[in-house]
Structures are given as C-alpha cells and as structure tokens.
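*Asks:* This is the structure, below, for whatever I ask next.
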Amino acid sequence: MRCPFCSHIEDKVVDSREAKDGGSIRRRRECLGCGRRFTSYERIDEIPFMVIKKDGKREPFDRDKVLAGLLRASEKRPISTGQLEKICDEVERNVVDSLDRELPTTDIGKIIMRRLKTLDKVAYVRFASVYLEFADVSEFMSELKALVGARNAAAAEKKKKKK
C-alpha cells in the first residue's frame, strides 16, 4: 500500500475491522516513512457464477430470475414459497458446485422440471411449456399424455397394493 502523503511503500496496520456495510474490511494504517495515518478499504472481488444460455451467451446466475419463473409457473397452485425456495436452493447449489463456475441453462431447467414434476403437475406443465419451447401443439399434447399415463400407472399400482 502506497502512503497517500509521501508515497512511501511500507506501512503497518494499526487497526483492522469490518466496515459498516459488511462487504469490506476497514484498515487503519501508519506509514513507516512519514508516520502519518490513513485508512484503506479492502473487499473481495469474486468471479460471478455464470449460466450458459441456449444461444451460447453467458450471463451471471440470478437466483431471483429462477424464483420469478417458478412463481409464474406455480401461480394459483397449492405450492408454498418455501417449496419454491428449496428448488432455488438446489439450483444454486448446482451452479456453485460446478467446477468451472458455469452451468448450462438446460441443466438448470432439468433440475426445475424434475422437482416440479413431483411437486405439482400443473406447475410442471406450465414451466415445461415455456422451457421446452414446443414447436407445435402435438409435441405439447404428447408431453401431457406421458404425464397422464404416469399418473394412471401410479393410481393402478396404488389400487393393487390396497387389495
């Protein structure tokens, strides 16, 4: 650290504490050249976690964007905000655990769809209709038929167990 008064390079730290904003460290320093004191602020400059969009563009991961999509998909459904937060937590964990600090949005979408499919079928279909970008109604209908088929199979299995 260069002294702002005499430009001497060496100093000693007299006091160190967290700044009021909590995002930086305030250090009180004394120049070893002229003896005057000055304050410096240090903060960690983190590399943001990135997502790779379908078109190849990269942008910083935005948890609020994930939550907004989940809220739209689950509008007027019996899903608590806490349940949606848990899905966001899982997505965020996957982004943070990514070795190169990047995760494709396709992976994020798969995580969300897997969780919504078990949580609420309507929210799943709403999310899938936007995320999967169905080319036409027949693709959308085949996804719905697969859901109904899975539900009917589960109901039949449940009936078998009761007998």
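*Asks:* Looking at the range 21-94, which GluC sites (Glu not before Pro) are in a loop (DSSP not H, G, I, E or B) and have at most 15 other Cβ atoms within 10 Å?
*Replies:* Answer by residue number: 46, 75.
*Asks:* Taking only the Cα atoms of the range 50-132, how large is their convex hull per residue, in Å³?
*Replies:* 80
*Asks:* While we're on this one: P(r) tail for the range 1-75, what percent of Cα pairs lie past 18 Å?
*Replies:* Summing the P(r) of the range 1-75 above 18 Å gives 63 percent of all pairs.
*Asks:* Taking the 0 to 90 degree range and rounding to the nearest ten, how far is the long axis of helix 105-119 tilted relative to the main principal axis of the chain, both from C-alpha atoms?
*Replies:* 50
*Asks:* Follow-up question, since we're still on this one. Under a Cβ-Cβ limit of 4.7 Å, which cysteines in the chain have nobody to pair with?
*Replies:* Singleton cysteines: 88.
*Asks:* Loop-only chymotrypsin sites (Phe, Trp or Tyr not before Pro) in the range 93-138, please: DSSP not H, G, I, E or B, and at most 15 other Cβ atoms within 10 Å.
*Replies:* 134
*Asks:* Semi-axes of the equivalent ellipsoid of the range 86-151: what are they in whole Å, largest first, if each equals the square root of 5 times a C-alpha gyration tensor eigenvalue?
*Replies:* 26, 14, 8
*Asks:* Between the range 122-150 and the range 1-28, what is the separation of their alpha carbon centroids in Å?
*Replies:* Spelled out, the Cα-based centre of one part sits 58 Å from the other.
*Asks:* Between 149, 98, 61, whose Cα lies farthest towards the positive end of the dipole of the chain when Lys and Arg beta carbons carry +1 and Asp and Glu beta carbons carry -1, centred on the Cα centre?
*Replies:* The Cα lying farthest towards the positive end belongs to 149.
*Asks:* Next question. Taking loop as defined by DSSP and a crowding limit of 15 other beta carbons within 10 Å, which chymotrypsin sites (Phe, Trp or Tyr not before Pro) in the range 1-85 fit?
*Replies:* Loop-located and lightly packed - 5.
*Asks:* Using 29 Å as the Cα-Cα cut-off, could you pick out the over-long pairs in 121/159; 20/53; 53/121?
*Replies:* 20/53
*Asks:* Using amide H atoms built in the peptide plane, which far-off residues or other-chain residues are under 5 Å from residue 102 H to H?
*Replies:* Close amide H contacts, sequence-distant or interchain: 50.
*Asks:* So which residue, out of 74, 138, 98, gets the largest mean-square fluctuation from a GNM of the chain using Cα contacts under 10 Å as springs?
*Replies:* Maximum fluctuation in the GNM of the chain, among the listed residues, is at 138.
*Asks:* By how many degrees, between 0 and 90 and to the nearest 10, does the Cα long axis of helix 81-97 differ from the longest principal axis of the chain?
*Replies:* Taking the Cα atoms of the chain, the angle to 81-97 is about 60 degrees.
*Asks:* What is the angle, in °, between the Cα long axis of helix 63-73 and the longest principal axis of the Cα atoms in the chain? Nearest 10 is fine, range 0 to 90.
*Replies:* Between the helix axis and the principal axis of the chain, the angle is about 20 degrees.
*Asks:* What is the Cα coordinate range of the chain on the first, second and third principal axes, sorted by size from largest, in whole angstrom?
*Replies:* So the extents along the principal axes, rounded to whole Å, are 88, 39, 29.
Just so you know, all these numbers are worked out from the coordinates, no wet-lab data involved. Every value quoted in this text rests on a predicted model; they were computed, and no experiment measured them. Positions of Cβ are backbone-derived with ideal geometry, glycine not excepted, and every protein chain shown enters the neighbour counts.
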